[in-house]
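A short write-up of the structure that comes next.
Nothing in this text is a laboratory measurement; each read-out follows from the coordinates by a stated rule. Because the structure is a prediction, the values reported are computed rather than measured. Cβ sites come from the backbone with ideal geometry, for glycine too, and all protein chains shown count toward neighbours.
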Amino acid sequence: MDYKSTENWVLSRLPSYQAIGKKAYNPGLKNVVKFVSILDLPIDSLNLIHVGGTNGKGSTSSYISSILQESNYQVGIFSSPHFFDFRERIKINNQKISKSFIVDFVNKYKSLIEELELSFFELSFCISLAYFVHNDVDYGVIEVGLGGRLDATNIINPLISVITNISYDHTDILGNSLEMIALEKAGIFKKNSTIIIGERNDSVDEIFINKANEVSSKITFVPDYNDQKQYSSVNYLNTNIKTAIYTCKALNIENVDNNSIITGISNINKNCHLIGRWSMLSENPRVIFDAAHNLAGFKIISSQLEKVSYDKLHVILSFVKGKNIKELIAELPIDSKIYYTSLNMERGMTFNELIQNVGRNIIFDDNAKRLLKAVKKDCTDKDLILITGSNFIAKNIYEK
């Protein structure tokens, strides 16, 4: 198979959680452990950092990678979801995995992949491990897919385990209390390692401390450093940046110094092409894309909007199924002009579901590009357009 047919096989035969939701979720480590064992991948030779949590995993992972790159290391990163190209999930120093590696890997192990019925995410993760081993990366940053304890990525033994924060998301899988969610995410803690927690939370801090003691690992809460420095004009990115800084410092390696830290933060887009985190897409009118998709994310957006000046706020929303839309919209300024569009995937929320959630007074267009064009026509240069509600709306609007 060539690359295009290989990619289509991966995407169609092994549908992703981002496309179809819970049906693609394959909890447990048995299949991945068996696959990696048959491949005889020496994954324990990799220096890995495992990043979990509810929000901020992607940006925290990217800042860790950027700082380590500026410290003259070759850094692999496995992240999800992808916005435009499957290969975004697996990169080394911001270079996407080669098409030839994917083709060779799938062709070689296709029968085994089918036999084990690997999920899309399991296969993607295993490809990343093989790629990092093949290229002998200095460090690998592994982002948890969903939860932690039963996530495919939890077969690794990292130097450091990171939890960015805990809030409500995927409650149908992880549990409907913060305590239950925290227990699932604390499942990535490993014996005699280092644990970094990005935010304090009275509801779950004790759970993390007890779990760390149970596995004889040192635990650090980033807010305890009381670092008041502002690295970004975006409030929530400051929290993730600080988590990344103290994660890199915890590696105790000589190359990570103040210069590489500051340069890594400044060069985040060059080193990692970070998008979807208060990303400015255009001016006149200003268009910002933020991939917030749960209540905690919308609260963060609300806080950030208070720092931004504009005449009128236009918000283009798109959601996956199962979101409490009224709860999320309530976090937006009351005078916002709200629009909705569809996601071109099975998991996308339908127009009928939108009506049931928010009533019939809906400005709706199932064509995201056409909707954005119409909204821009309705704007002045002093207005602000915010696109949010899902990671996946970006592809609908910007893919050619």
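Observations on the model:
- 37 °C / 0.692 mPa s Stokes-Einstein diffusion coefficient of region 1-151, Kirkwood radius on C-alpha pairs, µm²/s: 209
- Footprinting exposure proxy for 280, 180 (fewest neighbouring C-beta atoms within 10 Å first): 280, 180
- For 278, 9, order by how many other beta-carbon atoms lie within 10 Å, fewest first: 9, 278
- With helices as the sole contributors, the chain gives -12000 deg cm²/dmol at 222 nm; each DSSP H run of n ≥ 4 counts as -39500 (n - 2.57), and the sum is divided by every residue.
- For 103, 144, 320, order by how many other beta-carbon atoms lie within 10 Å, fewest first: 103, 320, 144
- Of all beta bridges that DSSP places with both ends in the chain, some 20 percent have antiparallel geometry.
- With the simple model of a label 7 Å out from the Cα in the direction of the Cβ, residue 380 to residue 266 spans 3.7 nm.
- Taking every alpha-carbon pair under 8 Å whose residues sit at least 6 apart, the chain reaches a relative contact order of 18 percent.
- For region 315-400, the spread of Cα positions along each principal axis, largest first, Å: 35, 34, 20
- Values of log10 I(q)/I(0), in the order q = 0.11, 0.21, 0.25 Å⁻¹, for region 198-262 under a Debye, Cα-only, solvent-free model: -0.32, -0.97, -1.15
- Calculated on the alpha-carbon coordinates, the convex hull of the chain measures out at 139 cubic angstrom per residue.
- Estimated inter-spin distance, residue 150 and residue 226, nm [label 7 Å along Cα→Cβ]: 4.2
- Taking 7 Å steps out from each Cα toward its Cβ at residue 136 and residue 334 produces label points 6.4 nm apart.
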